[in-house]
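The structure appears right after this line, and notes come after that.
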Amino acid sequence: MTDLDLLKRFREDTPAPTPEALTAARRQLLAPPPRAARAFVGRPRVLLAGAMALALAGGFLVADVVTRDGATPAGTVANASTFLADAATASNADPDDPIPPGQFLEISYRTARLTPLGDKPSLRATQYGEKTTWIASDHKPPYVSTMSFMTRAEFASPEARELARTKAPYLFHPMEPSVSLNSCPTVGTGSTVRGSKPCEPSWDNPTYEFLAAQPRDPDLLLAALRKNPPVPAPDVVAWRRIGSVLSTGLVPADLRAALYEAARKIPGIKLLDEVVTVDGRRARVIGRDGDGYRDDLLIAETGGQFLGRRTVVTKDGPPDINGDPEPSLQRGDILYSAIATTRITSTPPPSK
């Protein structure tokens, strides 16, 4: 009997859910957060963008699996389109809190990057960084940010630490966060106000005006996401742009819902039988496979909140940026992570 036969038998032995059960499940999925939680103006919203090897990620992520009657249905792929549709409905039903006058939206962004140092998994390091951005109630620049590309590093083994002394000595020199003024509100690479480059809005570096101008019709939005791809793979670009823009913490609820609906139309997506816990919040994983890697979106089990994205290695020795095998990476490794927590605060940003 093959694995496919086992999967077919699993489906045949599983009774179909009753209409009452489906209705109850959908009602629970779409239930908005408790009103008591929304009454707290400074409530945190947790985001994650990307991911990292779970053993090295410093507690950012905890992986679990969805079980059925206490047993894990190995290899089962659930319906990503249905989940995204429900998440879109929930997002539209739960508008974002406005920023009160005199207060700020504070986006604290923590990153972790897996850095190969040799030709086996024990010869790796994890590099951590952080950035915090403050946005005033009028959404206008300049935006104050504090950033450190590396606050600390961890090593997979003593051998990796010794190897890093010659191959990556910068890992031993943490950086104190520096204060900057940005003309773009993104948590990524915004150009400084005093620099020579103006803010150039894009999916990877959006402004509030850029987001407001995007269509809410899913078909038109998907066409915009596929437009002018840097590589001849529009669906790959569209999927990554969705994850990138959602990870900024700037996308309003109605556009988030439209992005979920647009994502449903991209071929090759799947809902994994995995639950990822991000700072105490449970997220379902929707992935799309590439060449040795899978790009995932992490969305809350209920409520439609976007909790992040990640890149997962799907085969041993995947290609590196030059197309050569990277032997230190193995199937199941998570390559990069960034968790952003947003909150509304009356505490002003630091002065430059």
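Coordinate-derived values only; no laboratory data. Keep in mind the model is a prediction, meaning the values are calculated, not measured. Note: ideal-geometry Cβ built from the backbone for every residue, glycine included; neighbour counts use all protein chains shown.
How large is ³J(HN,Hα), in whole Hz, for each residue of the stretch 111-123 in order, when computed from phi with the Karplus curve 6.51 cos²θ - 1.76 cosθ + 1.60 and θ = phi - 60°, using x for Gly and Pro?
Those phi angles translate into 10, 9, 10, 7, 10, x, 10, x, 9, 8, x, 6, 9 Hz.
When the Cα centres of the stretch 146-178 and the stretch 240-255 are compared, how far apart do they sit, in Å?
30
5 Å is the cut-off here: which amide hydrogens, built 1.01 Å from N in the peptide plane, fall below it relative to Lys270, excluding neighbours closer than 5 in sequence?
Gly287
Given the stretch 283-332 reduced to its alpha-carbon atoms as identical point scatterers, what log10 I(q)/I(0) does the Debye formula return at q = 0.22, 0.25, 0.32 Å⁻¹?
Computed log10 I(q)/I(0) values: -0.74, -0.84, -1.11.
Please list, in order along the stretch 152-165, the HN-Hα scalar couplings obtained from phi with the Karplus expression 6.51 cos²θ - 1.76 cosθ + 1.60 (θ = phi - 60°), rounded to whole Hz, x for Gly and Pro.
6, 9, 10, 10, 6, 7, x, 5, 5, 4, 5, 5, 5, 4
Expressed in nm to one decimal, what extension gain is obtained for the pair Phe172 and Ser346 from 0.36 nm per residue of sequence separation less their Cα-Cα distance? Spell out each step's value before the answer.
Working: separation 174, 0.36 × 174 = 62.64 nm, distance 3.57 nm.
Stretched out fully, the Phe172 to Ser346 stretch lengthens by 59.1 nm.
Rounded to the nearest 0.05, what FRET efficiency do Asp219 and Lys140 have when you use their Cβ-Cβ distance and R0 = 41 Å?
Values: r = 32 Å, r/R0 = 0.78.
Taking R0 as 41 Å, the efficiency between Asp219 and Lys140 is 0.80.
Residues of the stretch 100-131 with amide nitrogen under 20 Å from the 7 Å Cα-to-Cβ point of Asn322?
Answer for this model: 114-121, 123-125.
Using amide H atoms built in the peptide plane, which far-off residues or other-chain residues are under 5 Å from Gly332 H to H?
Val313, Thr314, Lys315
Non-local amide H neighbours of Gly308 (under 5 Å, H modeled in plane, Pro and chain starts lacking H): which ones?
The list, which skips near neighbours in sequence, is Leu48, Leu298.
Using the basic label-point model (7 angstrom from Cα toward the beta carbon), what is the Asp204 to Asp289 distance in nanometres?
About 2.6 nm separates the two model spin labels.
Mind listing the phi-derived Karplus ³J(HN,Hα) values for the stretch 166-171, rounded to whole Hz, using 6.51, -1.76 and 1.60 with θ = phi - 60°, and x for any glycine or proline?
Those phi angles translate into 9, 8, 8, x, 4, 5 Hz.
What distance in nm separates the simple spin-label points at Lys315 and Asp279, each placed 7 Å from Cα in the Cβ direction?
Result: 3.6 nm between the two label points.
Give the peptides 166-178, 300-312 in descending order of average Cβ contacts within 10 Å, highest first.
Descending packing order for the listed peptides: 300-312, 166-178.
Please report the net charge: other residues with Cβ closer than 12 Å to the Cβ of His173, K and R +1, D and E -1. Spell out each step's value before the answer.
Values: positive: Arg152, Arg165; negative: Glu176.
Counting the neighbours of His173, the net charge comes to +1.
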